[in-house]
Amino acid sequence: MSADALRLTVSGANKSFGGLSALSDVSLEIRAGEVYGLIGPNGAGKTTFFNVITGLYKPDSGRFELNGREYSPTSVHGVAKAGIARTFQNIRLFNAMTALENVMVGRYVRTRHGLIGAVLRLPAERREEHEIETRARELLDYVGIGRFEDFTAGHLSYGDQRRLEIARALATDPLLLALDEPAAGMNATEKVELTRLLQKIRGDGCTVLLIEHDVKLVMGICDRMTVLDYGRVIAQGLPRDMLTHPKVIEAYLGAGATA
Ligand SMILES: Nc1ncnc2c1ncn2[C@@H]1O[C@H](COP(=O)(O)OP(=O)(O)O)[C@@H](O)[C@H]1O
Ligand SMILES: [Mg+2]
């Protein structure tokens with residue numbers, strides 16, 4: 001565990017859409033350097049939770065802390081600066097750009113000159129751009145798709161697009177990485193590789209928050225987890241205790257899932 005990884009504490013988070021309560025008094029603590037699972041049937045509020053902690057949706061109420069210090073998840077940029085990065089359930093890549101360029105875009109947000117400087121191509125910016133490119137290449141290798149750096153993102157397999165999203169998120173040097181269903185569309189081999197990648201990320205000092213439907217994958221990698229149903233926390237604890245938890249069984253069987 002790294003001293004740098006972030007601890008995220010959420011207390012009493014609420015978020016409604018009209019009359020629908022998507023998050024209802026959700027509290028959880030993700031310890032620094034662990035892989036934390038967030039599971040639950042479709043519509044349970046998992047993605048809403050991500051959107052709230054990353055500044056995409058404004059919570060109705062709740063207290064949010066990073067390493068014990070309150071933070072206000074009200075701007076996507078501010079949250080990124082605080083050290084949180086995420087991927088999206090519906091992949092959000094620039095399909096016409098290469099894999100390398102997609103990761104470079106992720107990196108620009110944390111550089112001094114930013115995207116404008118890169119476009120103007122002044123000497124200092126060119127030097128910076130070279131560093132960004134080198135780092136982007138390292139990250140593609142890190143997630144296992146270095147050989148595809150010149151492929152346009154839209155031409156990669158789903159599994160590789162998901163890994164590219166992870167590389168782009170890592171380009172901001174996050175201390176907490178939130179992944180929304182990263183294994184969706186991956187085959188069995190890719191899932192094994194993903195598990196290794198997440199272990200590597202954790203080992204390198206980044207806290208990981210994982211939304212995932214594949215119960216085997218979640219159980220295999222998560223240190224602890226929360227189960228949501230209809231916006232409420234129905235269980236929290238060690239993966240092995242979740243499998244036998246009556247409320248969890250009921251939520252999954254009730255939703256017709258085959259957990
Ligand atoms: N932007 C939105 N506007 C209205 N309702 C939303 C919005 N986002 C999510 N919801 C609703 O909130 C509930 C939780 O959705 P979501 O967080 O996407 O669930 P999950 O990711 O667990 O499948 C669902 O009923 C969904 O329809
Ligand atoms: Mg979702």
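So the values come out like this:
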quantity: Scope the stretch 204-216; condition touching a residue at least 12 places away in the same chain (Cβ under 8 Å) and away from ligand 2 (no atom under 16 Å from the Cβ); matching residues; calculated: Asp204, Gly205, Cys206, Thr207, Val208
quantity: Among residues of the stretch 48-57, those that are near ligand 2 (Cβ under 10 Å from one of its atoms) and at pLDDT below 95, counted; calculated: 0
quantity: Test result for Gly154, surrounded by fewer than 20 Cβ atoms within 10 Å (Cβ to Cβ) and not assigned by TED's automatic domain parsing to the domain that holds Leu194; calculated: yes
quantity: The stretch 72-93, residues that are in a loop (DSSP other than H, G, I, E, B) and basic (Lys, Arg); calculated: Arg92
quantity: Phe88 within 12 Å of ligand 1 (Cβ to nearest atom), in contact (Cβ under 8 Å) with a residue 24 or more places away in the chain and not assigned by TED's automatic domain parsing to the domain that holds Arg31; calculated: yes
quantity: Candidates Arg63, Arg107, Arg92, filtered to the one that is farther than 26 Å from His213 by Cα and surrounded by fewer than 16 Cβ atoms within 10 Å (Cβ to Cβ); calculated: Arg63
quantity: Of residues in the stretch 1-49 being polar (S, T, N, Q) and within 8 Å of ligand 1 (Cβ to nearest atom), the one surrounded by the fewest Cβ atoms within 10 Å (Cβ to Cβ); calculated: Asn42
quantity: Qualifying residue in the stretch 58-71 (condition: within 16 Å of ligand 2 (Cβ to nearest atom) and either assigned to a strand (DSSP E or B) or in contact (Cβ under 8 Å) with a residue 24 or more places away in the chain (or both)); calculated: no
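The values are calculated or read from the model by the stated rules, or taken from the named source; none is laboratory data. Every value quoted in this text rests on a predicted model; they were computed, and no experiment measured them. Neighbour counts run over all protein chains shown; Cβ positions are idealised from the backbone, glycine included.
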